[in-house]
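Engineer: Below is the structure I would like to discuss, written out as structure tokens.
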Amino acid sequence: MKQDELRYVMATKAPLYKRLLIEIPKTDIGLHHSSITDYLDKVADYDTSMMRKIDELISRFHLGAVSTTLNRHYGSVLPRINERGNVIGGEVIYFDVDNGNILRQDPITDHLYNWYCFDYYTDKEVFFGEHLLSGKPVAIVQEEKTALLGTLAEPAVDWLAVGEGYNLTNNMMSKLAGKRVVLFPDDISCDYWEEQFGARFKVDRGFVHRDINRYLIDRIRGRGSPRTRGGEEQGSALVIAHYNYPLRFRSCGPKASLGEPAGMTLPLHPPLGGICPQDP
């Protein structure tokens, strides 16, 4: 969209009370590798077995990419998908592939071609990963990156992310009625999560002053191919355990297509036995 067109659209943007919920069929978000998958590849030490699992993550979470790059890596499309399989929100995040830090973050609507996306709003009360909920125990974390690391490290758990701690609401938690749920806050959100949800859900403070991402990375590197694990097979853990503390899940008790994202069609990782080469 040209700048003069963009200025016109912004000037005629509909007032909040006239906007409609944006619902994009998830098939409109092409599957691409991006800065987040480049980061995960590095986390996994380019292990062939783990890279196949990362390709599966791209498909399951419907991860995409935009055509713009930062530090030569594509911005990652991290959609929020509802139970009907529609994208109702999400972010475009540029990650530092060396350490996973967020370099830049944009709303997903900023990267849609259709001008009338400005007359829509996004549903902020949907978890990242919500469309993948099953009968497994549920772990709630803040960052989308952590949910992806958790899915690789502990596949026997459904991992959900909220983006920021104060984004978590009672409406979101009500969707998890009857499930075994544990919340993993950081040092900023721990008191809020404990106060708002601690009476009904397990709020685990074990990672308030420890890096949950570091723990999950260590778990991932222990789940690679026999070549990288020294030939020792490791089974899938049924519970999350951190630093020799077994975490027990408890029940929470009763309780129109808008076009394609602006991006290039990029292939998934090639099925090679070696390191996936970086894009130029």
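Rule-based calculations on the coordinates, nothing more; no lab input. As the structure is a prediction and not an experimental result, all values here were calculated from the model. Every residue, glycine as well, gets a Cβ built from its backbone with ideal geometry; the counts of neighbours run over all protein chains shown.
Engineer: What residues qualify as long-range amide H neighbours of Arg80, i.e. H under 5 Å apart, gap of 5 or more or another chain, H built at 1.01 Å from N?
Structural biologist: Ile88, Gly89, Gly90, Glu91
Engineer: How much length, in nm to one decimal, is gained on full extension between Ala177 and Asp218, taken as 0.36 nm per residue of separation minus their Cα-Cα distance?
Structural biologist: Working: separation 41, 0.36 × 41 = 14.76 nm, distance 3.13 nm.
Residue separation times 0.36 nm, minus the Cα-Cα distance, leaves 11.6 nm.
Engineer: While we're here: Within the set Lys53/Lys175; Lys179/Lys202; Lys53/Lys145; Lys136/Lys202; Lys42/Lys145; Lys124/Lys175, which residue pairs have Cα atoms separated by over 19 Å? Write out the running numbers ahead of the final one.
Structural biologist: Working: Lys53/Lys175 28 Å; Lys179/Lys202 11 Å; Lys53/Lys145 15 Å; Lys136/Lys202 15 Å; Lys42/Lys145 14 Å; Lys124/Lys175 14 Å.
Beyond 19 Å: Lys53/Lys175.
Engineer: For the pair Ser59 and Asn170, what calculated FRET efficiency results from E = 1/(1 + (r/R0)^6), where r is the Cβ-Cβ distance and R0 = 41 Å, to the nearest 0.05?
Structural biologist: Working: r = 32 Å, r/R0 = 0.77.
Calculated transfer efficiency: 0.85.
Engineer: Right, another one. What residues qualify as long-range amide H neighbours of Ala65, i.e. H under 5 Å apart, gap of 5 or more or another chain, H built at 1.01 Å from N?
Structural biologist: Close amide H contacts, sequence-distant or interchain: His32, Val77.
Engineer: If you don't mind, there's one more thing I want to ask. So if we plug the beta-carbon distance of Asn99 and Asp123 into 1/(1 + (r/R0)^6) with R0 = 41 Å, what FRET efficiency do we get, rounded to 0.05?
Structural biologist: Numbers: r = 31 Å, r/R0 = 0.75.
For R0 = 41 Å, the calculated efficiency reads 0.85.
Engineer: Follow-up. On full extension of the chain, what length is gained from Ser67 through Asp110, given 0.36 nm per residue of separation minus the C-alpha to C-alpha distance? Don't jump to the answer; show the numbers that get you there.
Structural biologist: Values: separation 43, 0.36 × 43 = 15.48 nm, distance 1.28 nm.
Taking 0.36 nm per residue and subtracting the Cα distance, the gain is 14.2 nm.
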